Structures are given as structure tokens and as C-alpha cells.
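One structure is given here, and the rest of the page talks about it.
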Amino acid sequence: MIELFDINKGDVVSITGAGGKTSLMFFLADSLSKKGTVLITTTTKIFKPECIKKLNLIFISPEEIDYISPQDSSIYIYCPNIIDNKIQSASFEDVAKLEKKFDYILIEADGSCGKPLKGWKENEPSIPTTSKKTIAVIDITALKTLKSESSIHRFNLYTQQFPQTSEIITKEDFINYIDSNLFFKNSYGRNILFFNKIESLEFFEYFFDIANSIKNKDVYFGSIFDGLIHKFKNVTPIVLASGFSRRFGANKLDIRLKNSMTLLEQVLFNITKLNFKEKILVGKEHYYLKLANNYSFKYIENEHSHLGQSQSVILGTKSANLDGFIFIPGDMPFLSKNSLLTLIWKFQIHNEIIVPFINDQKCAPVLFPKKYSKILLELKGDAGGKEIISKNIFIKCTFKNSMEFFDIDTKEDLKLLEMSEENL
């Protein structure tokens with residue numbers, strides 16, 4: 001899916017940051033040229049593009065501004081001047097004139113010499129006052145690389161602006177860099193963060209960790225190389241722990257494992273391996289409150305657990321504030337961080353119900369988009385989410401390790417758990 005940052009006709013869009021600004025500009029220009037007339041330019045300097053496959057590029061000069069009659073399907077490049085094969089900066093006045101002639105204007109408004117981070121001069125970035133959106137590009141692959149003049153533009157200035165605590169670029173460096181808001185200094189309209197080069201589960205995890213630690217809420221991610229851009233949709237894990245364990249004959253969630261954790265505590269611990277913005281535990285025991293606090297979960301006590309599993313789902317849905325809910329049974333101690341991430345990544349792409357499958361059989365945990373909140377709140381008895389899944393579109397997410405999705409229902413299941421505890 002390609003999401004174009006909700007760019008509308010008449011928008012002037014400035015692009016700042018590093019790690020794909022020019023590529024993003026041409027990618028957006030190509031997509032938007034199918035909807036209307038497009039102009040790209042710069043308020044800094046960019047190399048003059050050579051012939052780009054499949055793109056019809058038309059260069060225009062200052063003398064042509066008053067006479068240009070742009071056509072759809074072409075991409076116009078405004079060149080005030082070209083020196084050493086670099087297009088020189090357009091004035092804000094010229095941008096304002098061109099705005100009247102084109103449906104979309106895309107501006108590279110920042111420079112970094114191709115490096116993922118930079119020290120910012122006082123006059124940077126150079127964002128025209130007519131801009132309605134500013135997109136800051138962030139190169140996620142810079143994380144964990146060595147800080148040096150080869151990785152950071154104006155390295156000495158950067159170290160003055162961001163005092164160093166590590167020789168490599170850390171998550172904290174990225175968070176401080178983003179929260180400084182220098183990407184958007186003197187910006188106008190909507191500010192958007194775009195994390196580029198996320199092409200593997202490893203880099204999605206890096207992104208997920210950072211996205212849940214920053215103040216900015218308008219976040220996109222993807223890969224320009226792969227032609228994928230997604231709006232980040234945040235997820236709340238909701239642990240269901242208010243069943244009666246009737247088939248087991250006792251409260252199975254209080255069983256102690258070899259590592260001294262209870263079954264429920266192991267589940268909570270596994271979830272905290274990911275940096276969720278909010279986490280919810282729904283239970284029926286007063287002493288679960290302390291356990292929830294130990295792992296930074298919000299605890300919701302289910303006073304009507306006798307009415308069935310639906311009550312836990314309803315309480316969790318009511319308490320969650322984000323874009324999706326993943327309902328995790330409290331007796332799934334083997335569920336891994338990578339499997340949770342895989343389900344969340346699928347959700348980002350499809351924005352539909354995500355259902356894990358083992359050997360072509362549905363299993364838990366299931367992830368629901370927020371758009372299903374009303375239906376979830378209408379559940380009754382022990383229906384859970386199965387009824388909703390059967391009546392709506394869902395995305396199948398296949399896994400191979402069946403133990404990860406193993407839950408404890410009987411004493412026989414407990415024996416299998418004991419045999420497999422070394423995998424925890």
C-alpha cells in the first residue's frame with residue numbers, strides 16, 4: 001500500500017532530514033503526476049537529475065515562470081540556476097508564484113551531503129512560508145553505526161548541539177534528535193516524520209521502539225526503494241486474565257515456572273520486551289494489580305467475569321486509546337517478541353484483523369483495528385472475537401513454531417509446558 005501523507009491538490013510540501021529526501025521527492029512526484037500537475041525544486045541545492053526511467057522531466061527557468069502551462073503526467077523541475085551540475089536554491093517569492101500554476105509543489109528544503117544525521121545551522125531548514133506540509137526523512141539504518149564525520153554532516157556542530165554519551169548512534173540519540181524539533185524549525189502547517197529504509201523485521205523493531213518513545217504523533221514509515229509508505233498505527237496489547245480455568249481445576253495463571261515466575265508473569269514479561277506506549281491487563285484477582293504495576297501495565301479488574309470472556313474484551317477495548325488492540329491470553333508463555341512484531345507489522349500494511357495460523361488453524365492472539373471497537377463492545381458471553389473474525393475480512397499470518405501459540409487448558413497441557421520450559 002502507498003500512502004502519500006494525505007497530500008492534497010494545492011499543497012506545497014517541504015522535505016527535510018536525511019536518508020532519502022531526493023528519492024522521496026521523485027517518488028511522490030511520480031505518484032502525484034497521475035493526479036495533477038507537479039513541480040519539484042529546492043531551497044538549498046540538489047544535483048541536477050539525469051534521465052530517470054519512466055519519468056518525463058521538464059526543466060523550467062525563471063524566465064518561463066509567467067508563461068508556463070503545465071501538463072499532467074510530466075514532472076517540472078524549477079532551476080533558478082545550475083552551477084557545478086547542482087540546481088541552486090529557489091527564492092520563496094518564486095515558489096509563491098509557481099504555487100498558482102501547479103497542483104502540487106515538492107521542495108527539498110534541507111541538505112545533509114548524503115549523511116543520515118547533521119549539525120544544524122541557524123538558517124536551516126529553509127522552509128517556504130507557503131508550505132502546508134513538512135516531511136522529515138529519517139534513515140533508520142544509521143542506528144548502531146559509528147559517529148564520525150563520514151556519518152554525520154558537520155560533525156563538530158552536531159556534537160555541540162547534542163552532547164555525546166556514546167561512540168555509536170543510539171536510540172536515545174535518535175529520540176533527542178527528533179524531539180529537538182530542528183527538522184521542523186520555522187515550518188508551517190502539518191509536520192510529518194517518515195522513517196525510511198525499513199525493509200526487515202529488525203529495522204521495524206528499531207522503528208517501533210523509537211516511534212513509541214518520541215513526542216511526535218504524525219509518523220509514517222516504509223521503504224522508498226520498495227515503493228512502500230505506511231502511516232504508523234499504534235497498538236495496545238491487552239492481556240486477558242480473568243477466566244475460571246474450569247478444565248484445569250485451579251487458577252492456572254498462578255502456576256510457578258522453573259524460573260520462579262508465574263505463568264501470567266511470564267506473559268507480561270515477554271510483552272515488555274517491546275516498547276509499547278500502553279499495555280493493559282484485565283483480571284479478576286486483586287493481587288494482579290501489583291503484578292501489573294511491576295511491568296507497567298494498566299490493571300482493569302473484571303467484576304463481571306462470570307458473564308464470559310466477552311467482559312474482558314469489552315473492558316480492554318474501553319480502556320485502550322490507540323489504533324489497534326491485540327488480545328493476548330494470559331496462559332501463552334512462549335509467545336515471542338518477533339511473533340508479536342510480525343503481527344503488528346502485518347497490521348501496519350493491511351489495517352485489517354490479523355489472525356495467526358498454525359498448521360492452517362486459527363489461533364490467538366488476534367489483532368483488531370480500532371474500527372472494530374463498536375462490534376467488540378457488543379460481544380456477549382464467551383463469544384470472544386471468533387464471531388467477528390468469521391463475519392469480516394481478516395489477514396492470515398502463518399507461523400511455523402506451534403509452541404509459541406500453545407496455551408494451558410488442562411493438566412496434560414501443563415506437562416507439555418514443563419517439558420518445554422527451557423525455551424522460555
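The values are calculated or read from the model by the stated rules, or taken from the named source; none is laboratory data. Predicted model, so just to flag it, every value in this text is computed and none were measured. Virtual Cβ from ideal backbone geometry, glycine too; neighbours counted across all protein chains shown. In case anyone asks, the SASA skips ligands and DNA or RNA and just uses the protein heavy atoms, side chains included. Shrake-Rupley method; radii C 1.70, N 1.55, O 1.52, S 1.80 Å.
Observations, loosely collected:
- Convex hull volume of the C-alpha atoms in region 108-240, normalised per residue: 131 Å³.
- In the chain, the DSSP beta bridges split such that about 25 percent are antiparallel, to the nearest 5.
- Ranked by solvent-accessible area (1.4 Å probe, protein heavy atoms only, all chains present), the residues His230, His304, His350 order from largest to smallest as His304, His350, His230.
- Over all directions, the projected convex hull of the C-alpha atoms in the chain averages 23.6 nm² in area.
- Span per principal axis, largest first, for the Cα atoms of region 15-162 (Å): 48, 31, 30
- Within region 223-355, percent of DSSP bridges classed antiparallel, to nearest 5: 10 percent
- For Thr170, residues with placed amide H under 5 Å, excluding near neighbours: Lys144
- Helix axis angle, 411-420 relative to the chain longest principal axis, alpha carbon, degrees: 50 degrees
- Accessible area of Thr22 in the full protein assembly, 1.4 Å probe (Å², nearest 10): 50 Å²
- Measuring with a 1.4 angstrom probe and ignoring ligands and nucleic acids, Lys45 comes out at about 120 Å² accessible.
- Note on region 72-150: percent of Cα-Cα distances in each 5 Å bin, starting at 0 and stopping at the bin with the largest distance, equals 3, 10, 19, 20, 19, 13, 9, 4, 2, 0.
- Accessible solvent surface per residue of region 1-96, calculated while the other protein chains remain in place, 1.4 angstrom probe, Å²: 48 Å²
- Each of Lys171, Lys273 has its accessible area taken with a 1.4 Å probe; listed largest first, they run Lys273, Lys171.
- Put simply, the C-alpha atoms of region 66-112 give a gyration tensor, and the ellipsoid matching it has half-axes of 20, 12, 12 Å, longest first.
- Working note: 222 nm ellipticity from helices only, DSSP H runs with n ≥ 4, each -39,500 (n - 2.57), summed and divided by the residues of the chain, gives -7500 deg cm²/dmol to the nearest 500.
- Computed from backbone phi with θ = phi - 60° and the Karplus coefficients 6.51, -1.76 and 1.60, the 3J(HN,Hα) list for region 337-349 is 4, 5, 5, 4, 4, 4, 5, 5, 4, 4, 4, 4, 6 Hz; x is used for glycine and proline.
- For region 200-307: span of alpha carbons on each principal axis (Å, largest first): 55, 31, 25
- For the chain, a Gaussian network of Cα nodes joined below 10 Å ranks Lys48, Lys21, Lys258 by mean-square fluctuation, and the top entry is Lys258.
- Probe 1.4 Å - accessible area at Glu352, Å² to nearest ten: 40 Å²
- Accessible area (Å², per residue) of region 161-249, counting only protein heavy atoms and a probe of 1.4 Å: 43 Å²
- Positive minus negative residues near Tyr220 (Lys, Arg vs Asp, Glu; Cβ under 11 Å): -1
- For Tyr220, nonlocal amide neighbours, meaning residues 5 or more places apart or on other chains whose placed amide H falls under 5 Å from its own, are Leu193, Phe194, Phe195, Phe232.
- Region 1-112 - share of DSSP beta bridges that are antiparallel (%, nearest 5): 20 percent
- Of the solvent-accessible surface of region 94-250, computed with a 1.4 Å probe over protein heavy atoms with every protein chain present, carbon and sulfur atoms account for 50 percent.
- Against the rule of thumb 2.2 N^0.38 Å, how large the Cα Rg of region 1-88 comes out: 1.08
- Ranked packing of 206-216, 61-71, most packed first, by mean Cβ within 10 Å: 206-216, 61-71
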